[in-house]
Amino acid sequence: MHPLVVVPTYNEAGSLPGLLADVLAADPRIEVLVVDDASPDGTAGLVRTHPAYGQRVHLIERPGKLGLGTAYRDGFRWALARVYDACIEMDADLSHDPADLPRLIAALDEGADVAVGSRYAGGVRVVDWPLPRLLLSLGASRYVRLLTGLPLSDPTSGFKAIRRAVLERLDWGRFTSGGYSFQVEFHYFAWRAGFRLREVPIVFTERRRGASKMSHAIAVEAARRVIQLGVFGR
């Protein structure tokens, strides 16, 4: 297995050096692609000066803030033009623990097409979230399940390993989300296409540096997109 971790970034200079070190140490087979949206804090420069740049660390520089969904699509397109067996989605802020990467990869080795890192499979594993935020996240997960039928405890998860065949076969023209609802779209279309989704329990830790990219507009887009998927299936 030759996996590529795709990491969208915007102003993540504070967390990126630690992330790259921990991801590269997690498994010698892993490479990392940072997709940066013209971060003014010098995130892209940190990637270009990394000792493994051009070998295990790679960079796509985009002209501005174009959204999480398009960042992943650009990253997947880059990977499919090369020889990677799998892509892994991962946040840049260390909310996702690089130590969990081998378990996601192992789930693919054991037959899963998509290994979804779940905060809620078998119980809640979230660190440093206030209760209102946790309840909102749990409510959003229930909302997605009720409207779409997705058989996942954490359908909004952004930490997952994806077999190359999934990326090759999905109809990317059906994806419309620019923000976090891309995660729901991906799970939904992969599930409806008959791919095997397996949840892998993870611990999610609130970011220590930087600021969340969530906004009111992104939340509204997500709510509307889930309704579209649930009612129209597209």
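Values quoted throughout were computed directly from the atomic coordinates according to the rules given, and no laboratory measurement underlies them. What you see is a predicted model, and the numbers here were worked out from it, not measured in a lab. Here the Cβ is made from the backbone with ideal geometry for all residues, glycine too, and neighbour counts use every protein chain on show.
The figures follow:
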read-out	value
Computed [θ] at 222 nm, helices only, for the chain once each DSSP H run of length n ≥ 4 contributes -39500 (n - 2.57)	-12000 deg cm²/dmol
Kirkwood Rh in Å, taken over segment 3-232 so that all alpha-carbon pairs contribute	17.7
Net charge, Tyr84 excluded, C-beta distance under 14 Å - Lys, Arg +1, Asp, Glu -1	+1
Ranked list, fewest to most other Cβ atoms within 10 Å of each Cβ, for Asp154, Asp171, Asp27, Asp91	Asp171, Asp27, Asp91, Asp154
Helix 131-148 vs. the chain, principal-axis angle (Cα, 0 to 90°, nearest 10)	60
Between helix 216-232 and the chain: long-axis angle, C-alpha atoms, 0 to 90°, nearest 10	50
For Arg196, net neighbour charge (Lys/Arg +1, Asp/Glu -1) across residues whose Cβ lies under 14 Å away	+1
Relative contact order (percent, whole number), the chain, Cα cutoff 8 Å, 6+ residue spacing	24
Modelled FRET efficiency - R0 25 Å, Glu168 with Asp109, Cβ distances, 0.05 increments	0.85
Cα centre as origin, Lys/Arg/Asp/Glu Cβ charges: segment 3-232 dipole, Debye	520
Low-density loop positions, GluC sites (Glu not before Pro), segment 105-197 - DSSP coil, at most 16 other Cβ in 10 Å	Glu110
